[in-house]
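One structure is given here, and the rest of the page talks about it.
The values are calculated or read from the model by the stated rules, or taken from the named source; none is laboratory data. Worth saying up front: this structure is predicted, and the values here are computed from it rather than measured. All Cβ positions, glycine included, derive from the backbone under ideal geometry; neighbour counts span all protein chains shown.
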């Protein structure tokens, strides 16, 4: 029989071998991780005293992601209160009326008249709603079967302008169904948008009286009694902004199919409200090879700001870091703002003083910068280390609202009295407080030298209680994009689950390889035309450096990523057998079918130096499938069945190839999901749960 003293000595040794948490906090669980709350949009009221916030979170019972509006009101004494403004679970994109009396927003909720009717199972359609910030029920001011794509207020708050697909009458719909049944005419069934105006007073009166102003047979799909059609386009309107003087509308267009196939479909147009008619199309202002987005008028009612994330304003198509421009709406002359800035410009906003605020990313930090004028350099505003995402300004107040996070500080919304007082900003939400009560991993940047001498940077995320420990099992977690970058920010979802991997004992290595944003245009563009081979060398050099430094255990290396990160994972397992496990999602393994099925085809052709028949050798050499016989790594594959960004066939192809070679593999398909996996939160949780299991099973 073993003596009690021996048992005690054994138990003591076991307890001493278990690393204690320095914080005394419990570790993060899978369920807690997926209750993270996100803030897709933040809007300051004109007087700066209230903030309308879109809050997104998982609803496990309904199997959806809820989007509701919340309202923060300042109490005038350095504090305030946060209250839920809407509760449908389908609300987003709030915009304050200039007089501050209303919040307009988009909602995919079913109107009361359709809750129990035969149309109650129709797909969600976003319509325009109004709600008073003082309380009360929201009500629709548009109705019908077509989404509202974009909208804006008039300066006097009396009119709302909106864009929707050119509406059909009921008889037009019936005639189309009679002729074509359920046949889809690819491209043939597409049609552009119409721009409408609607009187807010008329919309309120209609809501109050429930008056019917058109016959049932000829009721427009737009379904907006009193709405006036102003103009028609052959393109989709993805952005709509009314000029400060109320005379013009700036429109930002996109493909009606929502596929990036022709760069000339993405332009800025001007609509003169004094002469607007269905017979006179809006005037095209820009003529370039760039994809314009995120338009805003300058205070002079002549210039319109916009960002570019794909293509070039200055010449032939090329991808650089995101840039900020403005265009003279009279002459079409386009000028770049902040041309001296060497990093990536993300979200931005205009100031009542005439300048701009931008979020600029350099390396692993994303900070707030200001520019007083066109020729002014960007001036970094004093703020916390980390990442600023959204930034909202007020028409009649110096206040700013921001969404901020850092690696050890979960995402929340903050309010500052002035932009130069970001360090004194106070949090006005606490939806992610639970994360501060858990023993979170610690992180730091890591730098190494690639095979060609280029300095490359990434992030290291250590298991809780093991910061800067040595000889750790490592998971190489590759970001997508490719023009993204991992850095000092907080994210908890299906796409970025590094904290869960670290909590399970993995050192997580996030390389910002060639092609990543925040390191200059030259660094980003060196991915062309070596779309996977060049960044692949950067990543493997980083792994070598971590092993050489004694940080990573060479016998326990794993790899994974999604989208472009999946593309890179598929390539890397053909280049080395050192990875014991791989988890890959929505990543291409060849380039011809991927070009043909992708919805960003001109971007793919740019990366590979041409279309398939123009760069045949490159399409072959940069494809994992032609070297797939080298793979020895057990691989888990995930995909959405409705993905068109990286067609699901790429995942079937990888699975079939590995299966034929006898390599351990598994393919998980998520029904109804596109590239973003944003339909059902259970899909996200199951995805990451199984990826963690796979790493554990084969990686250790």
If you go through 548, 537, the only one that is more than 21 Å from the chain's Cα centre (by Cα) and free of Cβ contacts under 8 Å to residues at least 12 places away in the same chain is 548
The condition from (1) at pLDDT 90 or above; (2) surrounded by fewer than 18 Cβ atoms within 10 Å (Cβ to Cβ) that residue 164 misses is numbered (2)
(request) Say whether the condition of being at pLDDT 95 or above, closer than 26 Å to residue 310 by Cβ, crowded, with 24+ Cβ neighbours inside 10 Å and touching a strand residue (DSSP E or B) at 6+ places or on another chain (Cβ under 9 Å) is met by at least one residue in the stretch 493-509. (result) no
Scanning the stretch 658-682 residue by residue, those surrounded by fewer than 19 Cβ atoms within 10 Å (Cβ to Cβ) and over 27 Å from the mean Cα position of the chain (by Cα) turn out to be 659, 660, 661, 662, 663, 664, 666
Taking the stretch 167-179 and the residues there that are assigned to a helix (DSSP H, G or I), surrounded by 13 or more Cβ atoms within 10 Å (Cβ to Cβ) and touching a residue at least 40 places away in the same chain (Cβ under 8 Å), the one that is nearest to the chain's Cα centre (by Cα) would be 173
- Message: Given the condition surrounded by fewer than 18 Cβ atoms within 10 Å (Cβ to Cβ) and either at pLDDT below 95 or not in a helix (DSSP H, G or I) (or both), answer yes or no: does some residue in the stretch 617-630 qualify?
- Response: no
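Can residue 476 be described as under 21 Å from residue 311 (Cα atoms), surrounded by 22 or more Cβ atoms within 10 Å (Cβ to Cβ) and at pLDDT 95 or above?
Numbers: under 21 Å from residue 311 (Cα atoms): no; surrounded by 22 or more Cβ atoms within 10 Å (Cβ to Cβ): yes; at pLDDT 95 or above: yes.
Spelling it out, it is not the case that residue 476 is under 21 Å from residue 311 (Cα atoms), surrounded by 22 or more Cβ atoms within 10 Å (Cβ to Cβ) and at pLDDT 95 or above.
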Yes/no for residue 19 being at pLDDT 95 or above, surrounded by fewer than 18 Cβ atoms within 10 Å (Cβ to Cβ) and closer than 30 Å to residue 442 by Cα = no
Residue hits (the stretch 516-526; surrounded by fewer than 23 Cβ atoms within 10 Å (Cβ to Cβ) and in a loop (DSSP other than H, G, I, E, B)) are 520, 526
For residue 638, are the conditions met, namely being closer than 24 Å to residue 503 by Cα, at pLDDT 95 or above and either in contact with a helix residue (DSSP H, G or I) (Cβ under 7 Å, 6 or more places away or on another chain) or surrounded by 15 or more Cβ atoms within 10 Å (Cβ to Cβ) (or both)? yes
Within the stretch 368-398, of all residues that are in a strand (DSSP E or B) and in contact with a helix residue (DSSP H, G or I) (Cβ under 9 Å, 6 or more places away or on another chain), the one surrounded by the fewest Cβ atoms within 10 Å (Cβ to Cβ) is 398
The one condition residue 601 fails out of (1) surrounded by 15 or more Cβ atoms within 10 Å (Cβ to Cβ); (2) under 30 Å from the mean Cα position of the chain (by Cα); (3) over 26 Å from residue 476 (Cβ atoms); (4) modelled with pLDDT of 95 or more is (4)
Residue count, the stretch 371-388, condition under 27 Å from residue 71 (Cα atoms) and modelled with pLDDT under 95, comes to 0
Exception for residue 100 within (1) under 24 Å from the mean Cα position of the chain (by Cα); (2) at pLDDT 95 or above; (3) assigned to a loop (DSSP other than H, G, I, E, B) falls at (1)
*Does residue 321 satisfy being assigned to a loop (DSSP other than H, G, I, E, B), modelled with pLDDT of 95 or more and at negative phi?*
yes
